Amino acid sequence: MLSAAKRTTKGRQSFMQFHLLYNLWGCKCKTRFICRPQRNLTSGCSTLTLDNTFKCYELEKGPPTDVELSREDALKMYKQMVEVRRIETVAGNLYKAKHIRGFCHLYTGQEAIAVGMCAVLRKKDSVITAYRAHGWSHLLGISSLGLIGELVGVKGGCSRGKGGSMHTYTDNFYGGNGIVGAQVPMGAGVALAHRYRGDGGVCVTCYGDGAANQGQVYEAYNMAKLWCLPCIFVCENNHYGMGTSVERHAALTDFYMRGQYIPGLWVDGNQVLAVRSATQFAIDYVQKHGPIVLEMYTYRFEGHSMSDPGTAYRSREEVKKVRSERDPIDSFRKQIIALCLADEEELKKIDAAVRKEIDGVSKKVLADREVGLEELVADIYSKNMEPKIRGVSGYTLDHKRISEVCFGKPKRTPPEEINNVPVGDAALLAAQMKAKQEQDAKKSKENPKASGDVKNDAKPAADAKKDAKPAADAKKNDKPAAGEGVAKKSDKPPTAAPPTAAPPAAAPPPKVGDTPKDGDKPKSDDQPKA
C-alpha cells in the first residue's frame with residue numbers, strides 16, 4: 001500500500017496532467033506543449049514542443065521545435081525577466097517624479113527577447129543595440145544599482161552619471177545608440193573584428209522596425225554577405241516606429257525577408273523559449289554560412305519614450321488585449337507551472353524578492369549625489385595625450401583620470417596575446433598575395449607537365465643571357481677610350497711643350513655617362529681610372 005505522502009504526490013501529478021489537457025483542449029493557444037511531468041519540483045528536465053513560433057526564409061530547415069527546459073534554467077530566466085520589468089517600472093516612476101531627465105525609452109513587453117538571447121550567448125559574443133537598451137545592459141553585466149544610478153545621473157552609475165539612458169557599456173556590449181539605424185553598420189564592423197581575430201565570436205546587432213527602412217541597414221547587409229561575417233541582424237518588431245504603425249511605414253512588413261540574399265527567420269519574440277532556440281540556431285548558422293536576419297515579433301506596452309503616452313496612435317483596448325494574451329512573463333509563468341518545474345507560490349516569492357531588491361536600489365540611488373564639476377572634463381581620453389583641455393578662453397582645463405581612482409588603472413595586454421593582424425592596405429595586399437599563391441599552386445597541380453616545360457624553356461634562355469654577357473664585356477673593352485678618339489680627329493702635329501711649371505691640380509674624374517667635349521685634354525693611360 002502507498003503511504004499518504006506518495007498518494008498525495010501521485011494525486012497532484014494526475015491533477016496537473018488533467019488541468020494541462022483541459023487548458024490545451026479548451027483554450028486557443030499558439031504554443032502546443034508535450035510535457036513530461038517530474039516526480040517533484042526540485043530537479044529534472046522537461047521537454048516541450050513549440051508550435052507556430054518560427055517562419056523560415058531561404059533556409060532548408062529552421063530551429064528545433066522540441067526544446068528542453070530544466071528547473072534551474074526556468075527559474076533563472078523567469079527571475080531575469082521579472083528584474084528587467086521591475087527596473088523599467090522603477091525607471092518610469094523616477095522619470096515621472098523628475099529624478100530622471102532627458103531621454104528614457106523603456107523595454108517593457110520585450111523582455112523575452114533579451115533574456116532568451118542572453119541565455120545562449122557566450123562571453124566571446126558581442127551585442128550592440130539601439131536606445132531601448134536597459135534590459136540588455138542589465139543582462140550583460142551592469143548591476144541594477146549601476147543602471148538606475150546612471151539613469152538618475154549620480155556618481156554610483158555605471159558611467160558615474162555622465163552617460164545617461166543610452167551610454168551604458170560593459171564587456172562586449174557596445175551600448176545603446178541614439179541615431180536611428182546607425183548601430184547596424186557598427187555591428188557589422190564588430191563582426192568583422194571577430195572574423196579578424198578568429199575568436200569564434202558572433203555579433204548580435206539589434207534595431208527596430210522603424211530603423212529597418214534605413215539605407216545604411218542594407219549597406220551593412222551587403223558588406224556582411226560579401227565578407228561572410230558572423231553577424232546576427234535582429235529586428236525587434238514592436239509594431240510601431242515611434243508613433244507610426246508598421247502597416248503605414250513599411251511596404252513589406254515581413255522584416256525577416258528584407259535581407260533578400262540573406263536568409264531570415266521569423267520568431268515569436270514573446271516566447272522566451274522560442275527566442276532561445278532561434279538564437280542557438282543563428283549562432284551555429286552564422287559561424288558556417290555568414291549573416292542571418294531574425295525578426296522578433298513582439299510588442300511594447302509603453303510609449304516610444306517617456307514623453308510619449310502611447311495612446312494617440314493606438315487604443316487602450318489594443319494595449320490591454322496584448323497584455324492579457326501575449327505578456328511574455330505571464331506566458332512563461334504558465335509554462336513553468338504546467339511543466340511542474342515550480343509552483344505558483346515559489347514564483348510569487350521570486351516576484352516579491354525582486355520587487356524588494358529593486359526598490360531598495362532605488363532608495364540608495366536617490367540618496368546618492370551627482371559628480372563634482374571637476375569631473376566634467378575628466379576621462380575624455382583613454383590615453384592622456386592632451387593634458388590641457390580647451391575651456392571658455394584657451395586651453396585652461398586640466399585633464400584628469402578619475403576612472404583610475406574608481407575602477408583601477410587599465411591592464412596592458414600581454415605580448416603573447418597580441419595578434420599581428422594586417423589591416424587596411426596591408427590586409428588587402430596579404431589577401432591578394434595569398435590568393436595568387438593558391439592560384440599558382442592550383443595551376444601547377446592541375447598541369448604539372450606544362451609548368452615543367454616552362455622551367456626547362458626558361459633555363460636555356462638564362463644560359464644564353466649568361467653567354468651573351470662575356471661578349472658584351474669584350475665589345476666594351478675593344479671600344480677606344482674617349483681621350484683616344486678625340487686625339488685621332490686632329491692631323492696637326494703636337495705643339496711644343498710649355499716651359500716647365502708646377503703640375504696642375506688633378507681634375508675630378510668624369511661622371512658616368514659624360515661624353516668628352518671638343519678641346520678636352522685626353523687623359524693618360526697611366527692615370528687611375530675612376
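Worth pointing out:
- Rounded Å value of the spacing that divides the Cα centres of region 335-409 and region 41-75: 35
- Calculated FRET efficiency for the pair Thr89/Glu374, C-beta based, R₀ 41 Å, to 0.05: 0.75
- Each residue in Glu375, Glu83 was given a count of other beta-carbon atoms within 10 angstrom of its own, and listing them fewest first yields Glu375, Glu83.
- Here the spin labels are modelled as points 7 Å beyond Cα on the Cα-Cβ line, and at Lys436 and Leu366 they lie 7.1 nm apart.
- Distance between modelled label sites at Ala193 and Arg355, nm, 7 Å Cα→Cβ extension: 4.1
- Glu72 versus Lys162: modelled label distance in nm, points set 7 Å from Cα along the beta carbon direction: 4.1
- Note on Val371, Val272: ascending count of other Cβ atoms within 10 Å places them as Val371, Val272, the fewest first.
- Calculated FRET value between Asp254 and Tyr313, using beta carbons and R₀ = 22 Å, to 0.05: 0.50
- The residues Ser393, Ser245, Ser307, when put in order of fewest to most other Cβ atoms within 10 Å, stand as Ser393, Ser307, Ser245.
- Across all C-alpha atoms in region 45-371, the radius of gyration and Dmax reach 19.0, 56 Å.
The numbers here are math on the coordinates, done by the rules we state, and not lab data. Remember, it's a predicted structure, so these values are computed and weren't measured experimentally. Because the Cβ atoms are built from the backbone with ideal geometry, glycine has one as well, and the counts that use them run over all protein chains shown.
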